[in-house]
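Visitor: If you scroll down you'll find the structure; I have some questions about it.
The values are calculated or read from the model by the stated rules, or taken from the named source; none is laboratory data. What you are looking at is a predicted structure, and each value in this text was computed from that prediction instead of being measured. Because the Cβ atoms are built from the backbone with ideal geometry, glycine has one as well, and the counts that use them run over all protein chains shown. Quick note on the areas: whole protein, heavy atoms, side chains included, nothing else; ligands and nucleic acids left out. Shrake-Rupley method; radii C 1.70, N 1.55, O 1.52, S 1.80 Å.
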Amino acid sequence: MEITNAERARILVHALPYIQKYNGKIIVVKYGGNAMVNEELKKSVARDVILLNLIGVKVVLVHGGGPEITEMLSKIGKESEFVNGLRVTDSETIDVVQMVLAGKINKSLVNLIECSGGSAVGLSGVDGHMIKACTKDERLGFVGRITSVNPKPILDVIDKGYIPVISTLGCDECGNVYNINADTAAAKIAAALKAESLISLTDTPGILMDKNDASTLISHITVCETDELIKSGIISDGMIPKVECCVNAIAEGVRKVFIIDGRIPHSILIETLTDEGIGTMFEEG
C-alpha cells in the first residue's frame with residue numbers, strides 16, 4: 001500500500017518526542033539470534049542503527065557469534081563441547097573464537113553498515129583492554145568472567161561520529177584472551193557507558209506467560225518481579241541468564257532494558273520511536 005506524503009509527515013511528527021528523548025543518549029544493542037544470519041534482517045538492523053545515529057542517538061552494537069564459531073570449529077575437525085551451556089574453550093578454540101568474532105563477523109557487520117550509508121568502526125574487548133576478564137571456571141578454559149570495562153575506546157569512537165561495533169572478547173594483564181558471553185558483555189558495557197537503554201535482540205517475542213502463545217507477552221516487568229517469574233517457571237531455560245543480565249544492567253544504572261524479537265524487521269525502531277514498542281521492558285522497582 002502506497003503511503004502518502006501527509007502520512008509520512010504524521011509518522012515523523014509522531015516520532016518527534018522519542019527522537020527528543022533519545023537525542024544525545026547512548027543505546028546499546030545486543031545483536032544476536034536470527035537477525036544475525038538472515039540477510040534481510042541484517043540489512044534491517046543496519047538501517048535502524050544508521051537512522052538512529054543520524055538523528056543523534058549514539059548506538060553501540062555488541063555481538064557474539066556462537067553458531068559461526070561452531071561452524072568454523074567443525075570445518076577444522078574440532079567438536080564443540082559445552083558445560084552448562086557454555087563452550088569449553090581451550091587454546092586452539094580461543095584462536096578460532098578470536099578469528100571469527102573479531103575478524104569475520106565484526107568486519108562483516110562494519111562493512112554492512114558502511115555499505116548501507118553509515119560509518120562504523122569495529123572493536124573487540126581486547127582493544128584498549130576495554131573488557132578485562134579472568135577465568136570463569138577452570139573446566140571451561142578460556143571462558144571469561146568480566147572484572148571491569150573501560151568505556152574510553154568506545155566513547156572515543158562515538159565522539160568521532162562512528163558507530164562502534166564490538167565483538168565480545170576479553171583479556172587479562174598477562175595477555176590471555178577470553179571468550180565472553182555476549183549478553184553479559186552487553187549489560188556490562190551498557191552500565192559502563194551509563195546508557196539510556198539496552199536492547200537485546202532475540203528469537204522470541206519477549207517474556208511470555210505461556211511460551212507457546214505469543215499473545216501472552218508480558219510487556220513490562222520490574223526487577224522485583226523477576227525472581228517470582230523464574231520460580232514459577234515462566235522465565236526458564238536459556239531465558240534465565242538473559243533476564244539476569246537485564247536485571248544486572250538496571251542494578252548498575254541502565255535506565256531501561258528491553259528483550260525484543262529480532263525476527264521482526266525494524267524492531268529496533270519500533271521499540272525506540274513508537275508508543276507501542278515491542279517485546280518486554282525491564283525497569284527498576
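Visitor: Counting only protein heavy atoms and a 1.4 Å probe, tell me what percentage of the chain's accessible area is made up of carbon and sulfur. Kindly include the intermediate steps, with their values, before the conclusion.
Guide: Working: 7270 of 13680 Å².
Roughly 53 percent, rounded to a whole number.
Visitor: ³J(HN,Hα) across region 68-82 via Karplus (A = 6.51, B = -1.76, C = 1.60, θ = phi - 60°), whole Hz, x for Gly/Pro?
Guide: The phi angles translate into 6, 5, 4, 4, 5, 4, 5, 5, 9, x, 10, 7, 7, 10, 10 Hz.
Visitor: What does the accessible area per residue of region 165-285 come to in Å², with a 1.4 Å probe and no ligands, DNA or RNA counted?
Guide: On the way: 5140 Å² over 121 residues.
I get 43 Å² per residue for this part.
Visitor: Search the structure for amide H atoms under 5 Å from the amide H of residue 124, placed 1.01 Å from N in the peptide plane, and list their residues when 5 or more places away or on another chain.
Guide: It is 167, by chain and number.
Visitor: Taking H placed 1.01 Å from N in the peptide plane, check which residues at least 5 places from residue 218 or on another chain put their amide H under 5 Å from its amide H.
Guide: The answer is 207, 208, 209.
Visitor: Let me ask something else. When the scattering of region 148-270 is computed by the Debye formula from its Cα atoms alone, each counted once and equally, what is log10 I(q)/I(0) at q = 0.18, 0.20 Å⁻¹?
Guide: -1.05, -1.23
Visitor: What span do the alpha-carbon atoms of the chain cover on each of the three principal axes, reported in whole Å from largest to smallest?
Guide: So the extents along the principal axes, rounded to whole Å, are 59, 46, 35.
Visitor: Right, another one. Reachable lysines from residue 78, Cα under 29 Å, same-chain residues fewer than 8 places away excluded?
Guide: Answer for residue 78, where 29 Å is the Cα cut-off: 30, 42, 104, 107, 132, 136, 242, listed by chain and number.
Visitor: Around residue 183, under 12 Å between beta carbons, what's the net of Lys plus Arg minus Asp minus Glu among the other residues? Kindly include the intermediate steps, with their values, before the conclusion.
Guide: On the way: positive: 30, 188, 242; negative: 244.
That works out to +2.
Visitor: What list of whole percents do you get for P(r) of region 34-177, with Cα-Cα distances grouped in 5 Å bins up to the one holding the largest distance?
Guide: 2, 10, 18, 20, 18, 15, 10, 5, 1, 0
Visitor: A follow-up question, please. How about region 1-96: which GluC sites (Glu not before Pro) there lie in a loop by DSSP and see at most 16 other Cβ atoms within 10 Å?
Guide: Working: sites: 2, 7, 39, 40, 68, 71, 79, 81, 92; in loops: 2, 79, 81.
When the GluC sites (Glu not before Pro) of region 1-96 are filtered for loop state and at most 16 Cβ neighbours within 10 Å, 2, 79, 81 remain.
Visitor: Additional query: How large is the helix-only mean residue ellipticity at 222 nm for the chain, computed as the sum of -39500 (n - 2.57) over DSSP H runs with n ≥ 4, divided by its residue count, in deg cm²/dmol to the nearest 500? Mind dumping the intermediate values first?
Guide: Values: 10 runs with 110 residues, N = 285.
Value at 222 nm, helices only, nearest 500: -11500 deg cm²/dmol.
Visitor: Just the number please: accessible area per residue for region 1-136, 1.4 Å probe, all protein chains included, in Å². Don't skip to the end; give the middle numbers.
Guide: Working: 6970 Å² over 136 residues.
I get 51 Å² per residue for region 1-136.
Visitor: Among all the aspartates and glutamates, which ones have a C-alpha under 13 Å from residue 43's C-alpha, if same-chain residues fewer than 8 places away are not counted?
Guide: 114
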